[in-house]
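Below is one structure, written out as structure tokens; the observations come after it.
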Amino acid sequence: MHEMGIALEIHRVCREAVAGRGPGRIEKVRVAVGELSAIEPDLLRFAWEAVTRETTDEGAALEIEWHRTEQVCPSCGPVPDRAPGTWLRLCPSCGGPLELRGGTELEVLDLVFAAEDDPPGPGGDEPGEESA
Amino acid sequence: MSSDERDGRRVTRDFVRIRKSALAANDRVAGELRDRFRDAGTLVLNLVSAPGSGKTTLLEQTVRRLRDELSLGVLEGDVATELDAERIRALGVPARQIVTGGACHLESRIVRRALEEAEFPPLDILFIENVGNLVCPTSYDLGEDFKVALVSVPEGDDKPFKYPGIFRRALIAVVTKVDLLPHFSFDLDRVRERVATLNPAARFVAVSSTTGEGVDAWCDLLREALAAKREGRPWP
Ligand SMILES: Nc1nc2c(ncn2[C@@H]2O[C@H](COP(=O)(O)OP(=O)(O)O)[C@@H](O)[C@H]2O)c(=O)[nH]1
Ligand SMILES: [Mg+2]
Ligand SMILES: [Zn+2]
């Protein structure tokens with residue numbers, strides 16, 4: 001169950017990416033996870049909830065973009081309709097050996113950060129309108 | 001946050017693009033280790049299997065055969081005990097135990113620290129026996145030249161397809177305990193095919209640490225990989 005360590009690292013990478021933006025909360029994170037990454041999406045979601053609990057980012061959504069591994073025949077192209085978890089040894093059309101493509105992704109893609117603007121001053125200035 | 005909104009604060013939503021590996025911190029240290037191993041000319045193998053597949057026993061047989069010819073060192077990852085490193089040291093080869101305290105895999109920083117503490121002499125081959133687990137070690141680069149995935153006959157011939165991540169990455173796949181083949185319905189050719197499906201470049205070897213079958217062939221693969229590394233050639 002190394003998903004805990006991965007979730008911690010995802011949170012660290014996200015916090016690093018918003019450092020310097022002032023106070024605010026991460027609302028949503030998108031990560032790419034591949035079929036060959038040795039990550040179980042459900043375990044990762046569970047771990048994400050655990051590592052963000054009681055932090056500013058508690059409740060942040062973790063959106064997992066799942067990347068299948070493609071089996072590709074050099075002559076006939078990708079093999080369609082492979083059932084999840086099964087692998088073909090040879091190309092169903094020409095009988096030649098197949099190659100694997102993709103599915104090793106484990107990447108933090110992007111996030112949505114809700115920055116807290118300063119409260120309006122006593123003079124009733126609109127925040128964000130003063131010149132720097 | 002609703003309280004902030006009550007206080008009259010406004011919230012601005014920003015989209016922040018990141019595109020960074022979730023393993024970047026581990027990979028950075030692994031890269032440092034890899035540079036160090038390259039400068040030292042040390043071939044480094046990361047051995048991954050389920051608990052009890054025969055990693056330590058194969059290492060015992062390996063160091064018996066290679067210790068007079070090559071300078072060897074072993075890092076032994078284990079959840080709780082010191083036993084594996086003692087088995088290697090008993091053969092006169094330096095070994096350091098890494099007790100992970102429950103963690104299911106080794107990480108590059110832990111390996112870096114263990115190497116500092118071990119103070120190995122200059123090595124031709126460093127073996128890193130990972131914690132017994134076919135899943136969690138898959139993602140973690142330890143600066144090794146390549147991973148070795150092992151599966152023993154009693155575990156069954158479906159293992160490569162059940163754990164495709166590690167067999168996709170390993171450059172040597174080892175079937176261990178082949179002396180037990182008569183007692184199990186385990187099809188060696190099927191494993192060979194499944195390994196080739198996941199990684200056509202991977203080398204395949206079947207060994208028994210009990211009878212010694214295949215252990216010389218395994219040692220030859222290690223000599224080949226070491227020679228390739230010293231000459232700066234890719235292997236296999
Ligand atoms: N029959 C048989 N048993 C083996 C062989 N190699 C290891 N074993 C046994 O398998 C058990 C686990 O071996 P060990 O090397 O400690 O596994 P590790 O957890 O992968 O390091 C021990 O009881 C070994 O004696 C082998 O080639 N044949
Ligand atoms: Mg062991
Ligand atoms: Zn084809």
Of (1) at positive phi; (2) assigned to a helix (DSSP H, G or I), B:LEU58 satisfies every one except (1)
Total residues in segment B:28-55, condition within 10 Å of ligand 2 (Cβ to nearest atom), surrounded by fewer than 23 Cβ atoms within 10 Å (Cβ to Cβ) and on the phi < 0 side of the Ramachandran plot: 1
Scanning segment B:127-165 for residues that are surrounded by 23 or more Cβ atoms within 10 Å (Cβ to Cβ), more than 16 Å from ligand 2 (Cβ to nearest atom), under 25 Å from B:ALA114 (Cβ atoms) and within 11 Å of chain A (Cβ to nearest Cβ) gives B:THR138, B:SER139, B:TYR140, B:GLY165
Considering each residue of segment A:44-64, count those that are in contact (Cβ under 8 Å) with a residue 12 or more places away in the chain and open to solvent by less than 70 Å² (accessible area, probe 1.4 Å), and give that number. 12
With the condition kept exactly as written, say whether any residue in segment B:95-104 is surrounded by fewer than 23 Cβ atoms within 10 Å (Cβ to Cβ) and of a type in the set (S, T, N, Q). yes
Pairs, first within 12 Å of chain A (Cβ to nearest Cβ) in segment B:100-113, second surrounded by fewer than 16 Cβ atoms within 10 Å (Cβ to Cβ) and at pLDDT below 95, C-beta under 8 Å, six or more apart: B:THR100/B:VAL79; B:GLY102/B:VAL79; B:GLY102/B:ALA80; B:ALA103/B:VAL79; B:CYS104/A:MET1; B:CYS104/B:VAL79
Looking for whichever is at pLDDT below 95 and away from chain A (no Cβ under 11 Å) here; the options are B:THR81, B:THR42. Which one fits? B:THR81
Pairs needed: first member in segment B:203-232, open to solvent by 10 Å² or more (accessible area, probe 1.4 Å); second member anywhere, within 16 Å of ligand 2 (Cβ to nearest atom) and not aliphatic (A, V, I, L, M); C-beta distance under 6 Å; at least 6 residues apart or different chains. B:SER209/B:GLY54; B:SER209/B:THR57; B:SER209/B:GLN61
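Taking segment A:80-94, which residues are over 15 Å from B:LEU198 (Cα atoms) and either more than 8 Å from ligand 3 (Cβ to nearest atom) or loosely packed, with under 10 Cβ neighbours inside 10 Å (or both)? It would help to see each step written out before you state the result.
Kept after step one, since they are over 15 Å from B:LEU198 (Cα atoms), are these residues of segment A:80-94: A:80-81, A:83, A:92-94.
Listed by number, the residues that qualify are A:PRO80, A:ASP81, A:ALA83.
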Out of segment B:178-201, which residues are in a loop (DSSP other than H, G, I, E, B) and open to solvent by 50 Å² or more (accessible area, probe 1.4 Å)? B:PHE184, B:SER185, B:ASP187, B:PRO200, B:ALA201
Within segment B:125-145, take every residue that is part of a loop (DSSP other than H, G, I, E, B) and of a type outside the set (A, V, I, L, M, F, W, C) and give me the one that is nearest to the chain's Cα centre (by Cα). B:ASN130
Quick one: in segment B:105-126, which of the residues that are crowded, with 23+ Cβ neighbours inside 10 Å and among the aliphatic types (A, V, I, L, M) is nearest to B:VAL29 (Cα to Cα)? B:VAL111
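The values are calculated or read from the model by the stated rules, or taken from the named source; none is laboratory data. Please read these numbers as outputs of a predicted model, since none were measured by experiment. When we count neighbours, we look across all protein chains shown, and the Cβ atoms used for this are built from the backbone with ideal geometry, even at glycine. Accessible surface is based on the protein model in full, side chains and every heavy atom, while ligands, DNA and RNA are left aside. Shrake-Rupley method; radii C 1.70, N 1.55, O 1.52, S 1.80 Å.
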